[in-house]
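What follows is a single structure, written as structure tokens, with notes after it.
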Amino acid sequence: MRIYPQLTCLAGAYFHQDHDLGAPTPAGIIASFADAEEPGALHELAAEIRTILDSGMTEAQISDLWPRL
């Protein structure tokens with residue numbers, strides 16, 4: 001499995017079980033990530049997401065990837 005460090009950070013540190021206490025919407029959680037992480041982290045996150053979307057994975061495979069991060 002490929003490693004996606006920024007996506008893993010977003011999933012584990014921001015979309016944790018109490019994520020709704022940090023922001024009321026997923027967009028708010030991502031904004032928190034962008035505000036708190038290093039300046040290049042958001043660009044790296046976008047590149048990781050593009051890599052996943054361009055990989056040919058099905059929607060189900062991408063869905064299965066998220067909990068394993």
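Couple of notes before you dig in:
- Alpha-carbon Debye profile of the chain, log10 I(q)/I(0) at 0.24 Å⁻¹: -1.15
- Between E59 and E38, the FRET efficiency estimated from the beta carbon spacing at R0 = 25 angstrom works out to 0.25.
- In sequence order, calculated HN-Hα J values of region 54-62 (Karplus, 6.51, -1.76, 1.60; Hz; x Gly/Pro): 7, 6, x, 4, 6, 4, 5, 5, 5
- In loop segments of the chain as defined by DSSP, the trypsin sites (Lys or Arg not before Pro) with at most 15 further C-beta atoms inside 10 Å of their C-beta are R2.
- Cα-based helix-to-principal-axis angle, 26-36 vs the chain, degrees rounded to 10: 70
- Across region 5-68, C-alpha contacts under 8 Å between residues 6 or more apart give a mean separation that, scaled by the residue count, equals a relative contact order of 36 percent.
Since every read-out is calculated from the coordinates, none of them should be taken as a lab result. Not measured: the values here are computed from a predicted model. Cβ: placed from backbone, ideal geometry, glycine included. Neighbour counts: every protein chain shown.
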